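Every read-out reported here was derived from the displayed coordinates using simple, explicitly stated rules and does not represent laboratory data. Since this is a predicted model, take the numbers as computed values, not measurements. Backbone-built Cβ (ideal geometry, glycine too); neighbour counts: all protein chains shown.
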């Protein structure tokens, strides 16, 4: 028995996990675009550009991670843009009033986000309202509450403690002009932590299970409602954290801050190979998606031939191209897997004895 | 104690839905190491009983005891914890998760961190015990229905269940897959599990059961050891009428060849398939699932157009690239997958009946003539005896048998010359099955050429004028009715001897 | 009556909400019942309304088109650029603007049907891309000074006693209703929304239906962009920005399932009336646009949540099972 088990596991060590394929594809696409841009732009491959991308990608990375978390369980969170706005504004207010340091500020932002996320989670998981309806609703609702709260006033950069605007530039260490900044490290740690949780923790596997087949998940006795609830809380908390990062970058926050980020986060996750139908994709993929989009944006600005107005047009086309490529590759692999599985099943052929039994059984019935 | 007590005892359990008494005072007990079959027509109360046993519904009255302890599960997960699991006709797997995760999710994956290595090893061990060679790391998405069921059985083993309910597990399987499933079930039996087995295929009952219980109209009719049961007695108890009019097909005069298929092939799937189909003939297609029977049908129907060979209908060569073109040429295909490919179940009965012929009911502005549509639908409904509250009833609310008839009627309304029936009686009860058989006979008599694909051997043999046997993508042979015995067909289908 | 309400639960809820809105509005503002206000109600949202109607088809068909607002902007930008160039007759510029919208829809539709990509993804790329294209054309300029006849479309021209907007709305609505609920095309839209495979196996030209919907969606979005331009009298690259979420909200509020296959024109029209009346009422009460949107958001959630909760308190009874076990 142990022998055949060994056979079964060694039989296909060449087997590539689908997630790895997606991530590798995207990494290759990013690499190719960097090379292309390096040809188009003088002095492109500099530490300065690296620093700029790693700083600016932070907000979308955090949002894409939260979005992916929710999409894995076959839901969607369209309210993240509004959560960013609310968290950034309230944190800004808090800092203006108290002049506190970074840790309380991050805490406030994250908690605000988590609370708003829990509203979504409650309505989706326990209210039985589809996520797209809930979050379209809260997208508007959170923004409205912010607008009422702000009364038209802005959080002003000048009123904030000075550390806030320097927060983005805090550098941990520098390698040949490539600065590793604190904000980027935070984003990377968050992504790595979530990646580990989703791949390794029971909790994470169950999130995938729900997205893969919700009714089977309920049947298997998984606590689907609480898992979905907590995934929305997670998405909200990450959006809150992103709100803090947004504040640190922008300084001045109006009631419309962060609008439109919801679709950008979905775009990053989807480009990163997160299936919109739930159940598959990785955090690393979502992160790469965010990096890809951000690199494109920042690079296109610097291509002299591309006016600033061309940027978005290009971006749309490139996102589409990435997704088409991903789909074509995935289809190829899918075909191979099912062929392999089918072959494995066929290989275990019927036994003559069992055959005779079935036929004999039929014979008895005829008699 | 030489005679062990029952694992589970169900006593006078009743359940009522609105006006319908689904179960009235049903009693049943399962012994350890017993394969106990439960039969009855759709609506006999089998599935209600299963749902009560697995905690999906509470019983209105009566009680259950599991190994002497009162048992009232609150959910299917609760039932599983207490030792009762169910496997359904359509297994519910997680397509994106690995086979191993599918086996262990929800019960043995305790602890915070997943130990992949141990999980894969455990999964391999269980699969090996079942004689299944599937890489436990593969995503379940690629598995066949049989493979998915194997995963569910593996799950039941890992759960260490004492009662395993199998609700029509063979409906989507080929003969050789059924054979392997039976071996797996017997090994469960050996380890002392009580198996409650539900099927519509009578010959399977005799092959696998120790005891057989019959339900009818929510009542328990009988429980007997298999030796004391005959097919006739069983059918009589199930339907409450005489079984003489089943498999009623008589001899047919032979018409001229209508469809000529010559050296047809789709690379990598099937090749060099040649046969004639005559007017008024029923040509049976036997073979294992995956042997290429359905693929030939899909190719004739334009879903996966052939890349070699020719198709000739009434002397004209056809090049069919889509179902639309196939229908225009007079070829209709009743799919084996009613839910995914056959019916738009959320739509009304009338919409489904006219789905393939909508253009016939539209004026030049594309507006549907609803009166004409309903009139035609009514004719079809009566002709096939579809039981439905009204023509506007969503098809999802009809029983399996009536859904199957609806699908048949839909294709009939296209006035096909060639009708391909893929597993037309899968998963429907004895009464509806007889209706469908009778109807196939009528259609053939009216001059339609019928290709009958079925994994139910007695059905193929009883209904067909000739039986074609497929194996691994090749047409092995075509046997005239007289020569088509179960042994000969099975031998050809698996390539034994 | 009760039968109808049971069958059309969603529509019934909307009728109640709508009635309540009207009652509140009447009591709040003396201007509410005026004819001018009634016309305003439609006119101020006409470009959204026509897109909502087409979006209803798209969503019932099981797809979504997130690019509509960007296509609005793009079409209007094309028209404005051609007008500024001065080479072409203005009417032709308008037609080209609409045609460009149709082409935008065609391109997306082709990618969706050929590659089998989810429309959410493709039109999300379209949302970014076509907005970008509008900016490419107009950069940060604003084009105005359109011919008088064009802007007069925007000034509520009357046809007989009826403003153009109102006529447009009712004619479009009647047409949409007939197509969706009475034509073969509409039937196909529903069936494909339920299951594209079943449709394909029934000989329905699935890809062609989808393609036609996306082309229509693009063309109508183009028309909407141009109507918007006529109403406002100027075109900017940001024209219509973020309308997509508003439009989808109205369709979903109308009871159309985001998963496709179900929903009705009546529901969507009721949702439209409700949203317009709420906005109008709040507007008359001097409540700003953002807050209005928040109220609509609340309504969207509440309209699903409240019936859900109500049902939970009722006796839990598996209905489908009861039917399956009905008289054989």
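Please express the shape of segment A:56-201 as an equivalent ellipsoid: the semi-axes are the square roots of 5 times the eigenvalues of the C-alpha gyration tensor, given largest first in whole angstrom.
One finds semi-axes of 28, 23, 11 Å for segment A:56-201.
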Pairwise FRET efficiency - residue A:317 versus residue C:175, Cβ, R0 = 45 Å, nearest 0.05: 0.85
FRET efficiency estimate (nearest 0.05) - Cβ-Cβ, residue B:392 to residue A:225, R0 30 angstrom: 0.30
Structure-based [θ]222 nm, chain B - -39500 (n - 2.57) summed over DSSP H runs of at least 4, per residue, nearest 500: -9500 deg cm²/dmol
For C:8, B:437, order by how many other beta-carbon atoms lie within 10 Å, fewest first: C:8, B:437
Sorted peptide list for A:33-41, B:92-100, criterion being average Cβ within 10 angstrom, highest first: B:92-100, A:33-41
Ranking of B:285, A:94 by count of other Cβ atoms within 10 Å, fewest first: A:94, B:285
Distance between segment A:185-249 and segment C:58-72 - C-alpha centres, whole angstrom: 29
Ascending count of other beta-carbon atoms within 10 Å, so fewest first, for C:10, C:4, A:310: C:4, A:310, C:10
Other protein chain Cβ atoms within 10 Å, averaged over every residue that makes up A:206-214: 5
For segment C:239-257 versus segment B:333-410, the gap between their alpha-carbon centres in whole angstrom: 33
Point-to-point label distance, residue B:11-residue C:208, nm (Cα→Cβ direction, 7 Å offset): 6.7
Computed over segment B:187-336, Cα set: Rg, Dmax in Å: 22.0, 61
Spin-label model distance (nm) - residue A:28 vs residue B:236, 7 Å beyond Cα toward Cβ: 7.0
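Averaged over every viewing direction, what's the projected area of the C-alpha convex hull for chain C? Give it in nm², one decimal, please. Intermediate results must be reported in sequence, preceding the final value.
Details: hull surface 80.9 nm².
Approximately 20.2 nm², given one-decimal rounding.
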Shielding by partners - mean other protein chain Cβ count within 10 Å, residues of B:393-401: 2
Sum of -39500 (n - 2.57) over DSSP H runs of 4+, divided by residues of chain C (222 nm, nearest 500): -24500 deg cm²/dmol
Inverse of mean 1/r across different Cα pairs in segment C:1-159, Kirkwood, Å: 19.0
Residues residue B:378 and residue C:9, FRET efficiency given R0 of 25 Å [Cβ-Cβ distance, rounded to 0.05]: 0.30
Stokes-Einstein translational diffusion, segment B:338-466 - Kirkwood Rh over all Cα pairs, 0.692 mPa s, 37 °C, in µm²/s: 216
For the protein assembly as shown, share of DSSP beta bridges that run antiparallel, in % to the nearest 5: 60
Shape parameters for segment C:5-81, alpha-carbon atoms, Rg then Dmax in Å: 17.3, 53
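If you count, for each residue, the other Cβ atoms within 10 Å and average over each peptide, how do B:452-462, B:390-400 line up from highest to lowest?
Ranking, from highest mean packing down: B:452-462, B:390-400.
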Debye intensity ratio in log₁₀ form over the Cα atoms of segment B:104-161, taken at each q of 0.16 Å⁻¹: -0.48
For segment B:423-458 and segment A:73-94, distance of Cα centres in Å: 60
Global geometry of segment A:121-229, whether rounded, prolate or oblate, following the gyration tensor of its Cα atoms and the 1.5 cut on a/c: oblate
Spin-label model distance (nm) - residue B:78 vs residue C:167, 7 Å beyond Cα toward Cβ: 6.6
Potential lengthening between residue A:148 and residue A:162 on full extension [0.36 nm per residue; Cα-Cα distance subtracted]: 2.3 nm
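Based on the alpha carbons, how large is the Rg to Rh ratio for segment B:283-330 when Rh follows Kirkwood?
Result for segment B:283-330 is an Rg/Rh of 0.99.
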Enclosed volume per residue, in Å³, of the convex hull spanned by Cα atoms of segment C:184-234: 75
Computed P(r) (all Cα pairs; the protein assembly as shown; 20 Å bins; percent): 10, 37, 36, 15, 2, 0
Residue-averaged beta-carbon neighbours from other chains (10 angstrom radius) around A:322-328: 4
